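Asker: Quick one: this structure, given as structure tokens, is what I'll be asking you about.
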Amino acid sequence: MTTTAIEKTGGRSGQRHTPGTAPRKRRPGRLRALGLPYLLLLPALLLELLVHLVPMVIGIVMSFRELTQFFIRDWTSAPWAGLDNYAVSVDFDAPVGEALLASFFTTCLFTLCSVGLCWLLGTAAAIFMQETFRGRGFLRALFLVPYALPVYAAVITWAFMFQRDNGLVNHVLHDQLGIGDSPAFWLIGDNAFVTLLVVSVWKGWPFAFLIMMAGLQNIPKEIYEAAALDGAGVWQQIRRITLPSLRPVNQVLILVLFLWTFNDFNTPFVLFGKAAPESADLISLHIYQSSFQTWNFGTGSAMSVLLLLFLLVVTGGYLLLTTRGRKASDV
Amino acid sequence: MRRIRAAAVGAVTLSLVLSAAACGGGTTDGAGSNSQPKTLTYWASNQGASLEVDKKVLQPELDKFEKETGIKVKLEVVPWSDLLNRILTATTSGQGPDVLNIGNTWSASLQASGALLPWDAKNFEKIGGKDRFVDSALGSTGVQGQDPAAVPLYSMAYALYYNKKMFKDAGVEKPPATWDEVIATGKKITGGGGSGIGVEGSNLSNNIHQVFVLGKQHGADFFTPDGKAEFTSDGAVAAVKQYVDLMATHRIVAPGNAEYAQNQSLSDFAKNKTAMVLWQTASATFKAQGMNDDEWGVAPAPVPSGVPGTGKATNSMVAGINLAVFKNTKNIDGAMKFVNFMTGDAEQKILNTAYGSIPPVKSAQQDPAFSAPALAVLRETLATSAAALPQVPEESQFETVVGTAVKELFADAAAGRAVTTESVRAKLEKAQQQMPKK
Amino acid sequence: MSETARRRPRSPMAAPRSFLWSRRIFLTLLTGFVLLPVYVMVSSSLKPLEDVSGKFQWIPSGLTLRPYFDIWETVPLADYFVNSVVVAGIATVCSVTIAVFAAYAVSRYSFRGKRVFTVTVLSTQMFPGILFLLPLFLIYVNIGNATGIALFGSRGGLILTYLTFSLPFSVWMLIGYFDAVPRDLDEAAKVDGCGPLGALFRVIVPAAVPGIVAVAVYAFMTAWGEVLFASVMTNDTTRTLAVGLQGYATQNDVYWNQVMAASLVVSVPVVAGFLLLQRYLVTGLTAGAVK
């Protein structure tokens, strides 16, 4: 509290760049202190500029050009296409736009389900494992294994299990449990959505579990004790104390899961190869196909920019809604 | 706030300056230089059983080349999953290998990018002239009427591989030569529990190769002579329908094949579950799957008349690998020498023997090494009844959109949904609209 | 799982039967879900190729260790492993160091542009990789042409790329964690004559070790598993595992048993290291995320 006050007064008197009480003590260092925060930020800023921001600007420029194989050799010579790439992308009556829109909705639905399930499994596991019991340490370690396996290894194993004729899934469902007249397809057709969801949740829920477990450790025991004295049962305690206390954790977790899931490329790519079934055609794979596979980087970039805009709006709205009332400096 | 905005403007300006500086390095239009005459970088595609096998095959040959010319060749075997992306990024940046392998179906697309050295008469002269190469292989090196973008290195053709044990058990005497016979044979075998013929329903390239040949047999090309997409002609629709009907109507393809994309049909074949496959060079895979060479046979792929030839009697696409020189090479003379070396008779024999392919060089092709029964069929097919895939810059898009359409039709058929002329036409119509407008 | 009710007598949660049973059922099912692919990996890696491409069997009919020997012959797995460890390791160290500095600035100083910085850093998480793959490649090549520093195709370029991938979330988490370290501690250190960096390294960093470990694990995993950029930016001497494992699927064959064996072999050290660190990770993520 005191430091905040100092910062604020410092700010008003024109010394906002100084840390705490340092300036009074170390006069000669004041100039250095002025620049110090910027110096500390510089490496991070430069790297983000180099690897994310500048390439993004170039990507945006590319989206206004007709960048097909005729021009990739020198992309600056590609003719300007104006808004053509965007027009093609959002012409929802033509196949290209129609497919993009379908892919967008698929991705939205997929993200919703995947984030929801990851959150549910992670939270439930964290709550169930809040209390010590025999084998808890072992289980906790085990549950982190999916997070530690290389993505390719994990996903290719799932693809192997989901094969129609030889896979484990149909062996269990069809041969052993006798469900359905004939074995179902999991890697093509409409079921592919379920397949993708299962794999994504398997890979993603341990992260939610981890964060939730950490979040639970911050809830003081006394609150539970007080509630227990009031006669609240376990289920009520979970509903009234645990879940509300986890709200700040949730804010970060859900946003991060949302962004990662929405932009996920590796999972569908390893699972389905270059052409995902329509039911599981996630947007990043779709864009990849629209640029690398068909050598049309202009349209691919335009689609990416649209995606970026969408994510910016969603994230902005989300942060506005969830941080309302919190200090601005906390963002 | 104002300063923040100023900073933002500054950042954007900086970005723009940087991006302007970041224009492609491939702008020079000259035909390479000789500034690094002692080294070459060579990207080889994965032809053998694994990347390591390829290195073992190629390295001794490269050493030979070094001894002859004093030029050290740095070899990189690039997996198929990465090859096209690597070439695209190399093209964009101008930073690539000196000599590289390309799938021959990519020739026209890469030719359009202008990143590859055109093979005019003068350049061909340096490697012994154009007429050293087989015509069918030359047909798949770029757009007709333009200088080829690459020279043929290895050639392959489709043939019908059949499982001798399954044929014997079903009482089939000889391999089918027409599609009617394929269906009749398939039905005999399917009645006995196995399945007649295998397909790779989710492998886009394989789908394209098959429907392209069937298209030829129906007198249809997927592109007009001036290079416009024409996917919905009656012939094209009939070709695609005929291929999918092997599963949908005749049921001689097991439904599970609809999701195959990783050569599962070959392991089915080796396990006596599938009696026939149409494939390029399958012998090495059969061996890896535990099958002896005398357990399978090979015959020309079926045609309606039973006698393969040109036009409607085409029974294979010209499959193969081309060798191209990157225009930006810093060792143009060395690159030419290397191409000359690789397409020379001696190397052609060694490499094509190692990979089970056919030399596209006439003089090497006559070698007895390529007259074994399995290879003779492929050689004969290449010489008499194979046609090159459309040599248009949009070939990649064609593979993607039409290959996907066929994949989706197989998925329909496998799920028991009807595949009709209308549904095929609708899928192809959609595919055609996704092609770039001309 | 034997999560019997061996609980401390004064537990605030007087757990009823329904809770215990739900826990038992839920955790058992979840364990099955987690273990299923792991079991498939292990059992498939012990089968000959012909068996793997056949019908799945719970109990393998014939066991062989062949795949574990073959994996080194099919692709240069050891080289890829070294590449991955070097790339992910250096990227992690750099990413964490840079994130520590940045988080320190944001957490302890008040300066103009702070909000812009944090929001910008956050927003980079939204960029679709596809959008900047090609431009980034162009930039690396141009830097290479202008300065002679080879960034494309080298480990350096990959390290640079990956460390920026994990940087945003790392900064974000560390800000929260540093905020949780009482300011009195570093103020006191400064009074004792430490400079700002002295305060950071002598007081804040030691107090935040768990958080830093957590960030390091996250950064390592990000670099360890990335496929898209690695597939374009590496060549056969710098190829990483995430891409290299695909070498078991060639044009004519997929060596399923070898894929599984190789995956297990390369995963064991990572999983082991991960499990050793998980204690820190749990405490570490708390402050960063909760803030």
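The values are calculated or read from the model by the stated rules, or taken from the named source; none is laboratory data. Just so it is clear, the model here is predicted, and its values are computed rather than measured. Cβ coordinates were reconstructed from backbone atoms using ideal geometry, including for glycine residues, and neighbour counts include every protein chain displayed.
Asker: Looking only at segment C:186-204, how many residues end up being farther than 24 Å from A:GLY35 by Cβ and touching a helix residue (DSSP H, G or I) at 6+ places or on another chain (Cβ under 6 Å)?
Answerer: Number satisfying all stated conditions: 0.
Asker: Looking only at segment B:300-315, decide whether some residue is touching a Lys or Arg at 6+ places or on another chain (Cβ under 9 Å), more than 25 Å from A:PHE272 (Cβ to Cβ) and part of a strand (DSSP E or B).
Answerer: Within segment B:300-315 (the criterion being touching a Lys or Arg at 6+ places or on another chain (Cβ under 9 Å), more than 25 Å from A:PHE272 (Cβ to Cβ) and part of a strand (DSSP E or B)), the answer is no, since none of the residues qualifies.
Asker: Let me ask something else about it. Given C:ILE90, C:ILE71, which one is assigned to a helix (DSSP H, G or I), touching a residue at least 12 places away in the same chain (Cβ under 8 Å), within 30 Å of B:ASN272 (Cα to Cα) and among the hydrophobic types (A, V, I, L, M, F, W, C)?
Answerer: On the way: C:ILE90 fails: within 30 Å of B:ASN272 (Cα to Cα).
Answer to the selection: C:ILE71.
Asker: Select from segment B:67-115 the residues that are among the aliphatic types (A, V, I, L, M), more than 17 Å from C:PHE137 (Cα to Cα) and in contact with a Pro (Cβ under 8 Å, 6 or more places away or on another chain) and list them in ascending order.
Answerer: Answer for segment B:67-115, where residues must be among the aliphatic types (A, V, I, L, M), more than 17 Å from C:PHE137 (Cα to Cα) and in contact with a Pro (Cβ under 8 Å, 6 or more places away or on another chain): B:ILE71, B:ALA108, B:ALA112.
Asker: Also, I was wondering about something else. Mind counting the residues in segment B:203-233 that are part of a loop (DSSP other than H, G, I, E, B) and not aromatic (Phe, Trp, Tyr)?
Answerer: 13
Asker: Residues in segment C:56-73: is at least one among the polar types (S, T, N, Q) and either crowded, with 19+ Cβ neighbours inside 10 Å or within 30 Å of C:PRO206 (Cα to Cα) (or both)?
Answerer: No: zero hits.
Asker: So which residues in segment C:116-159 are within 23 Å of C:THR92 (Cβ to Cβ), within 7 Å of another protein chain (Cβ to nearest Cβ) and assigned to a loop (DSSP other than H, G, I, E, B), if there are any at all?
Answerer: Answer for segment C:116-159, where residues must be within 23 Å of C:THR92 (Cβ to Cβ), within 7 Å of another protein chain (Cβ to nearest Cβ) and assigned to a loop (DSSP other than H, G, I, E, B): C:PHE127, C:PHE152.
Asker: Right, here's the next one. Of the conditions (1) facing chain C (nearest Cβ under 9 Å); (2) assigned to a helix (DSSP H, G or I); (3) of a type outside the set (Ser, Thr, Tyr), A:ASP165 clears all except one; give me its number.
Answerer: (2)
Asker: For A:ALA159, indicate whether it is under 25 Å from the mean Cα position of the chain (by Cα), more than 30 Å from C:ARG23 (Cβ to Cβ), more than 7 Å from every other protein chain (Cβ to nearest Cβ) and not in a loop (DSSP other than H, G, I, E, B). Spell out the reasoning first.
Answerer: On the way: under 25 Å from the mean Cα position of the chain (by Cα): yes; more than 30 Å from C:ARG23 (Cβ to Cβ): yes; more than 7 Å from every other protein chain (Cβ to nearest Cβ): yes; not in a loop (DSSP other than H, G, I, E, B): yes.
Against the criterion (under 25 Å from the mean Cα position of the chain (by Cα), more than 30 Å from C:ARG23 (Cβ to Cβ), more than 7 Å from every other protein chain (Cβ to nearest Cβ) and not in a loop (DSSP other than H, G, I, E, B)), A:ALA159 qualifies.
Asker: Between a first residue in segment B:214-229 that is touching a residue at least 12 places away in the same chain (Cβ under 8 Å) and surrounded by 14 or more Cβ atoms within 10 Å (Cβ to Cβ) and a second residue that is assigned to a loop (DSSP other than H, G, I, E, B) and aliphatic (A, V, I, L, M), which pairs have beta carbons less than 7 Å apart while being 6 or more apart in sequence or on different chains?
Answerer: Close Cβ pairs (under 7 Å, with a partner that is assigned to a loop (DSSP other than H, G, I, E, B) and aliphatic (A, V, I, L, M)) amount to B:GLN217/B:VAL303; B:PHE223/B:VAL392; B:GLY227/B:VAL392; B:ALA229/B:MET435.
Asker: A:ALA232 - would you say it is more than 7 Å from every other protein chain (Cβ to nearest Cβ) and over 28 Å from A:THR123 (Cα atoms)?
Answerer: no
Asker: Return the total of residues in segment C:160-208 being outside any helix (DSSP H, G or I), more than 29 Å from the chain's Cα centre (by Cα) and buried (at least 20 other Cβ atoms within 10 Å of the Cβ).
Answerer: Here the count works out to 0.
Asker: Of the numbered conditions (1) in a helix (DSSP H, G or I); (2) modelled with pLDDT of 90 or more; (3) closer than 16 Å to C:GLN258 by Cα, C:GLY32 fails exactly one; give the number of that condition.
Answerer: Result: C:GLY32 passes all but (3).
Asker: A further question follows. From B:VAL143, B:VAL53, B:VAL77, grab the single residue that is part of a strand (DSSP E or B) and on the phi < 0 side of the Ramachandran plot.
Answerer: Only one candidate passes the filter, namely B:VAL77.
Asker: Based on this model, can you work out whether C:ALA189 counts as touching a Lys or Arg at 6+ places or on another chain (Cβ under 8 Å) and within 30 Å of B:ALA261 (Cβ to Cβ)?
Answerer: No, not satisfied.
Asker: From the list B:VAL325, B:VAL339, which one is crowded, with 19+ Cβ neighbours inside 10 Å and assigned to a helix (DSSP H, G or I)?
Answerer: Exactly one of B:VAL325, B:VAL339 is crowded, with 19+ Cβ neighbours inside 10 Å and assigned to a helix (DSSP H, G or I), namely B:VAL339.
Asker: Can you name the residue in segment A:84-138 that is of a type in the set (Phe, Trp, Tyr) and not in a helix (DSSP H, G or I) and, of all such residues, is farthest from the other protein chains (Cβ to nearest Cβ)? Outline the logic, then answer.
Answerer: Just the residues of segment A:84-138 that are of a type in the set (Phe, Trp, Tyr), to begin with: A:86, A:92, A:104-105, A:110, A:119, A:128, A:133, A:138.
When the remaining residues are screened for being not in a helix (DSSP H, G or I), the result is A:92, A:133.
Numbers: A:PHE92: 13, A:PHE133: 4 Å.
Among residues in segment A:84-138 that are of a type in the set (Phe, Trp, Tyr) and not in a helix (DSSP H, G or I), the one farthest from the other protein chains (Cβ to nearest Cβ) is A:PHE92.
Asker: Now a separate question. Out of segment B:112-136, which residues are touching a residue at least 24 places away in the same chain (Cβ under 8 Å), within 12 Å of another protein chain (Cβ to nearest Cβ) and under 24 Å from B:VAL77 (Cβ atoms)?
Answerer: B:ALA115, B:LEU116
Asker: For the subset of segment A:70-98 comprising residues that are surrounded by fewer than 20 Cβ atoms within 10 Å (Cβ to Cβ) and within 20 Å of A:ALA280 (Cβ to Cβ), which member is farthest from the chain's Cα centre (by Cα)?
Answerer: By that ranking, first place goes to A:PRO95.
Asker: In addition: Tell me which residues, restricted to segment C:140-159, are surrounded by fewer than 24 Cβ atoms within 10 Å (Cβ to Cβ) and not small (Gly, Ala, Ser).
Answerer: The answer is C:ASN142, C:ILE143, C:ASN145, C:THR147, C:ILE149, C:LEU151, C:ARG155, C:ILE159.
Asker: Among (1) assigned to a helix (DSSP H, G or I); (2) within 7 Å of chain A (Cβ to nearest Cβ), which single condition is C:SER110 missing?
Answerer: The one condition C:SER110 does not meet is (1).
Asker: When you check A:GLY204 against the structure, is it among the small types (Gly, Ala, Ser), more than 9 Å from every other protein chain (Cβ to nearest Cβ) and within 13 Å of the chain's Cα centre (by Cα), yes or no? Explain how you work it out, then say what you get.
Answerer: On the way: among the small types (Gly, Ala, Ser): yes; more than 9 Å from every other protein chain (Cβ to nearest Cβ): yes; within 13 Å of the chain's Cα centre (by Cα): yes.
Considered against the rule, which asks whether it is among the small types (Gly, Ala, Ser), more than 9 Å from every other protein chain (Cβ to nearest Cβ) and within 13 Å of the chain's Cα centre (by Cα), A:GLY204 comes out as yes.
Asker: Identify all residues within segment B:246-285 that are assigned to a helix (DSSP H, G or I) and either within 20 Å of the chain's Cα centre (by Cα) or closer than 12 Å to B:ILE197 by Cβ (or both); write none if there are none. Even if it seems obvious, please write down each step before you answer.
Answerer: First, pick out the residues of segment B:246-285 that are assigned to a helix (DSSP H, G or I): B:246-248, B:255-259, B:264-270, B:283-285.
Selection gives B:LEU246, B:MET247, B:ASN257, B:GLN264, B:SER265, B:LEU266, B:ASP268, B:PHE269, B:SER283, B:ALA284, B:THR285.
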